[in-house]
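Peer 1: Take a look at this one; I'll ask things after.
The values are calculated or read from the model by the stated rules, or taken from the named source; none is laboratory data. Being a predicted model, the structure only gives us computed values, none of them experimental. Here the Cβ positions follow ideal geometry from the backbone for every residue, glycine too, while neighbour counts run over all protein chains shown. With ligands, DNA and RNA removed, areas are computed over all heavy atoms of the protein, side chains included. Shrake-Rupley method; radii C 1.70, N 1.55, O 1.52, S 1.80 Å.
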Amino acid sequence: MEIIGFIFICIGILFNFFGCIGLTRLPDVYNRLQSATKCVTLGTCSILIGVFFHFGFTEAGIKAIIAIPLLFFSATVAAHALVKGAYIFGVKLGDKSVKDDYKDVTKS
Amino acid sequence: MRYIALFILAFIFWLLLTFNIDISNIIVGIVASLITAFVFGKYFIKDVIPFLQPQRYFWLIIYLFIFTWECIKANFYVAYLVLHPAMPIKPGIVKVKMGLKTNIAKTMLANSITMTPGTITVDIINDEIYVHWIYVSSEDPEEYSQKISGRFEKYIKKIFE
């Protein structure tokens with residue numbers, strides 16, 4: 001059980017690391033949010049599952065499992081709010097962007 | 001009815017989070033849940049009755065497995081995009097149609113889309129979701145609607161409508 005826990009925690013740390021690389025490498029706000037919210041959320045969920053395997057059905061393990069849905073909902077809602085806020089504030093899409101359907105809606 | 005449902009949910013959550021069954025702890029939990037139910041009850045789901053049907057939970061479990069699989073697959077894809085030296089991204093905001101009616105179903109679909117790496121929900125206006133996509137792979141609305149929301153929509157329809 002402890003070994004499975006450590007494997008999950010290692011995968012989680014690896015994905016958090018990828019998320020941070022994405023945060024520095026990607027070009028604009030929207031793409032950075034992509035990696036910042038998702039790789040990091042999945043990585044943290046994986047760490048929490050690893051903690052659950054490590055402690056089993058004790059106080060700490062159950063709390064780690066409960067933290068997953070909380071993290072899930074808060075991360076999605078925060079990402080949505082940040083993207084919409086950035087767009088309405090007037091942050092431009094990056095140079096590589098190919099399509100923007102949302103422009104017409106915000107103008108009218 | 002929905003105040004009672006929210007109260008029960010909040011109380012179970014409190015018990016799991018504090019994880020002891022002293023009488024004092026339970027009393028504090030009941031008071032806290034009552035306050036929560038009174039303040040936030042009006043934002044809770046309007047119709048609670050459909051959520052007592054067992055087949056919805058069966059679909060929910062299947063959906064969780066499919067969602068986890070999609071999430072992991074797409075996560076590796078984003079990791080690949082980030083680590084690739086040339087970074088082959090093609091970001092853009094696309095408009096996706098959906099066939100869901102109730103607010104809770106729309107919220108869950110938007111959350112699912114946001115959680116699968118590569119797509120973030122920007123806004124919902126009536127029946128259309130605006131999605132920021134890190135790699136716009138086709139120009140055809142039918143095709144990318146299928147790609148973004150099609151795989152979740154039929155399950156969410158069974159669970160939340």
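Peer 1: What number of residues within the range B:62-92 satisfy the criterion of being free of Cβ contacts under 8 Å to residues at least 40 places away in the same chain and surrounded by 11 or more Cβ atoms within 10 Å (Cβ to Cβ)?
Peer 2: Filtering the range B:62-92 for residues free of Cβ contacts under 8 Å to residues at least 40 places away in the same chain gives B:64-65, B:68-69, B:72-73, B:76, B:79-80, B:82-87.
Adding the requirement that they be surrounded by 11 or more Cβ atoms within 10 Å (Cβ to Cβ) leaves B:64, B:68, B:72-73, B:76, B:79-80, B:82-84, B:87.
Of the residues in the range B:62-92, 11 are free of Cβ contacts under 8 Å to residues at least 40 places away in the same chain and surrounded by 11 or more Cβ atoms within 10 Å (Cβ to Cβ).
Peer 1: Of all residues being in a strand (DSSP E or B) and open to solvent by 40 Å² or more (accessible area, probe 1.4 Å) in the range B:103-127, which is nearest to B:Y63 (Cα to Cα)? Just the residue, please. Explain how you work it out, then say what you get.
Peer 2: If we filter the range B:103-127 for residues that are in a strand (DSSP E or B), which is where we start, we get B:119-125.
Now drop any that are not open to solvent by 40 Å² or more (accessible area, probe 1.4 Å), which leaves B:124-125.
Working: B:I124: 22, B:I125: 25 Å.
So, considering only residues that are in a strand (DSSP E or B) and open to solvent by 40 Å² or more (accessible area, probe 1.4 Å), the one nearest to B:Y63 (Cα to Cα) is B:I124.
Peer 1: Scanning the range B:128-156 for residues that are among the β-branched types (V, I, T) and assigned to a loop (DSSP other than H, G, I, E, B), which turns out nearest to A:C45 (Cα to Cα)? Please lay out each step first, then the result.
Peer 2: Our first condition is that a residue be among the β-branched types (V, I, T); within the range B:128-156, this holds for B:129, B:131, B:134, B:136, B:148, B:156.
Checking which are assigned to a loop (DSSP other than H, G, I, E, B) leaves us with B:134, B:136.
On the way: B:I134: 22, B:V136: 27 Å.
Filtering the range B:128-156 for residues that are among the β-branched types (V, I, T) and assigned to a loop (DSSP other than H, G, I, E, B), the one nearest to A:C45 (Cα to Cα) comes out as B:I134.
Peer 1: Also, quick follow-up: Just to be sure I understand the filter: pairs with C-beta atoms under 9 Å, separated by 6 or more residues or on different chains, first member in the range B:19-31 and more than 15 Å from A:I62 (Cβ to Cβ), second member of a type in the set (G, A, S) and in a helix (DSSP H, G or I). Which pairs pass?
Peer 2: B:G29/B:A10
Peer 1: Checking A:S74 against (1) open to solvent by 60 Å² or more (accessible area, probe 1.4 Å); (2) touching a Phe, Trp or Tyr at 6+ places or on another chain (Cβ under 9 Å), which single condition isn't satisfied?
Peer 2: (2)
Peer 1: Just checking, which of A:F15, A:F8 is under 23 Å from B:V78 (Cα atoms), aromatic (F, W, Y), open to solvent by less than 70 Å² (accessible area, probe 1.4 Å) and in contact (Cβ under 8 Å) with a residue 40 or more places away in the chain? Outline the logic, then answer.
Peer 2: Details: A:F15 fails: in contact (Cβ under 8 Å) with a residue 40 or more places away in the chain.
Matching residue, one of A:F15, A:F8: A:F8.
Peer 1: Would you say A:L23 is open to solvent by 50 Å² or more (accessible area, probe 1.4 Å), under 17 Å from B:P117 (Cα atoms) and facing another protein chain (nearest Cβ under 10 Å)? Break it down stepwise before answering.
Peer 2: Values: open to solvent by 50 Å² or more (accessible area, probe 1.4 Å): yes; under 17 Å from B:P117 (Cα atoms): yes; facing another protein chain (nearest Cβ under 10 Å): yes.
When the stated conditions are applied, A:L23 passes them.
Peer 1: Also: Among A:G50, A:G19, which is the only one that is small (G, A, S) and within 20 Å of B:P88 (Cβ to Cβ)?
Peer 2: Numbers: A:G50 fails: within 20 Å of B:P88 (Cβ to Cβ).
Among A:G50, A:G19, only A:G19 is small (G, A, S) and within 20 Å of B:P88 (Cβ to Cβ).
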